Amino acid sequence: MAIKLRKSYKFALRSSLLITAFLSGLFIAFLLDKGEMDWPYTILFTLICFLICFIILQVRVERFIYRRIKKIYDDVSLLESSTFSSKPVTTDMKTLTEEIEKFAEGKKIEIDTLKIREEYRKDFLGNVSHELKTPLFTVQGYILTLLDGAMKDKKLRQKYLERANKGVERLIYIVKDLDLITKLEVGGLKLEREDFDVIELIKNVFDLLEMKAAEKDISLTFDMEYNHPIYVNADREKIQQVITNLLVNSIKYGYPNGTTEVSVENLIKNKVIVRVTDNGEGIPKQHIPRLFERFYRVDQSGSRAEGGSGLGLAIVKHIMEVHGEKIYVESEEDVGSEFSFTLEKAANKSAKSTSDSN
């Protein structure tokens with residue numbers, strides 16, 4: 001980026017005026033003291049003094065200030081800062097100061113951002129290695145045990161191979177989630193929007209998670225009987241994943257004989273809000289702001305025991321952001337949690353759905 005300097009004469013002009021005024025005042029005082037006041041001669045002296053001062057100051061400023069200013073601009077322009085002015089810059093000190101301060105502020109923000117990203121990268125790598133090493137060591141342990149002689153025992157061999165397979169499935173699950181969240185974060189995932197009945201989708205997820213919920217005697221239910229479909233426009237597969245992740249979390253942290261309730265309500269004319277409410281453990285307030293971070297866990301030991309990749313809520317957040325929607329969370333310890341998210345109604349069916357629900 002080439003920097004063009006636009007010369008400014010303000011400094012030389014003002015300085016020359018001040019020097020001329022001072023010298024002219026001395027000269028007039030000297031003439032008055034001598035009693036030889038000559039105004040034409042005084043005016044000539046003032047003009048000559050002003051011109052000489054102006055020329056000398058301008059030349060000196062150009063040589064010792066303007067050239068150095070240009071060098072500063074040329075040097076910083078090598079950094080290709082988007083915040084740096086690409087317009088002709090005056091060599092006036094005020095403009096220089098403003099531009100350099102603006103440049104420095106931009107660079108400070110960039111440095112702070114890089115520091116945050118570096119910390120985020122370190123945390124991410126640490127979390128990934130921690131998540132992967134547990135199933136890897138598990139699989140390795142079972143295989144080594146089999147190689148050490150357990151393979152001869154048919155029952156033990158079957159048992160260990162099944163457990164090793166579960167470890168591999170967990171690795172695949174984590175890798176798939178990592179791949180998905182990476183695509184979501186870099187904008188590499190395209191949505192396949194369509195109109196579909198969100199009530200039917202939730203029922204399908206209930207069926208898929210029925211056995212998992214039954215293991216903890218948790219009931220999956222609607223807040224009311226929905227006799228008519230509610231059509232929304234979104235990526236059906238991704239919204240199913242959002243609902244699945246939220247229900248799985250609800251089951252995971254729910255109390256035995258508990259309830260997870262889903263409701264779909266009209267929010268505004270073209271929006272509905274889906275709420276997933278449970279009466280489980282709840283989440284301490286200090287953890288809520290970080291719930292949607294990758295690998296963030298409220299209860300380390302409990303989360304590990306329940307399994308999961310630690311990416312479920314992060315994936316939910318990114319899917320909703322890709323849709324241009326919001327997700328909200330309210331929770332209280334030992335009372336329960338409510339996760340809710342908005343969806344756009346299907347344009348050609350929203351009116352019918354609204355009238356039917358009324």
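The values are calculated or read from the model by the stated rules, or taken from the named source; none is laboratory data. Bear in mind the structure is a predicted one, so any value in this text is a computation, not a measurement. Neighbour counts run over all protein chains shown; Cβ positions are idealised from the backbone, glycine included.
Observations
- Condition met for K176 (farther than 21 Å from R294 by Cβ and either loosely packed, with under 13 Cβ neighbours inside 10 Å or among the β-branched types (V, I, T) (or both)): no
- Scan the range 187-242 for residues that are farther than 20 Å from V316 by Cα and assigned to a loop (DSSP other than H, G, I, E, B) and the total you get is 11.
- Single unsatisfied condition, M151 versus (1) part of a helix (DSSP H, G or I); (2) modelled with pLDDT of 85 or more: (2)
- Each residue in the range 250-279 was checked for being more than 13 Å from E330 (Cβ to Cβ) and either under 28 Å from the mean Cα position of the chain (by Cα) or of a type in the set (G, A, S) (or both), and 12 pass.
- Some residue of the range 258-267 being surrounded by fewer than 17 Cβ atoms within 10 Å (Cβ to Cβ), in a loop (DSSP other than H, G, I, E, B) and not small (G, A, S): no
Every residue, every condition in (1) buried (at least 20 other Cβ atoms within 10 Å of the Cβ); (2) modelled with pLDDT of 80 or more, yes or no:
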position: F292; (1), (2): no, yes
position: R297; (1), (2): no, no
position: Q300; (1), (2): no, no
position: G307; (1), (2): no, no
position: G310; (1), (2): yes, no
position: A314; (1), (2): yes, yes
position: H318; (1), (2): yes, yes
position: G324; (1), (2): no, yes
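So that you can scan it fast, the table gives a plain yes or no per residue for (1) at pLDDT below 75; (2) part of a helix (DSSP H, G or I); (3) surrounded by 14 or more Cβ atoms within 10 Å (Cβ to Cβ):
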residue: T97; (1), (2), (3): yes, yes, no
residue: F103; (1), (2), (3): yes, yes, yes
residue: K107; (1), (2), (3): no, yes, yes
residue: E110; (1), (2), (3): no, yes, yes
residue: T113; (1), (2), (3): no, yes, no
residue: F124; (1), (2), (3): yes, yes, yes
residue: L132; (1), (2), (3): no, yes, yes
residue: Q140; (1), (2), (3): no, yes, no
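- Within the range 129-173, the set of residues being small (G, A, S) and either assigned by TED's automatic domain parsing to the domain that holds L311 or under 26 Å from R294 (Cβ atoms) (or both) comprises S129, G167.
- Criterion applied to F84, F27, F54 was being modelled with pLDDT of 85 or more and either surrounded by 12 or more Cβ atoms within 10 Å (Cβ to Cβ) or part of a helix (DSSP H, G or I) (or both), and the one residue passing it is F54.
- Selected residue (criterion: modelled with the highest pLDDT) from residues of the range 192-230 that are exposed (fewer than 15 other Cβ atoms within 10 Å of the Cβ) and within 15 Å of E344 (Cα to Cα): E194
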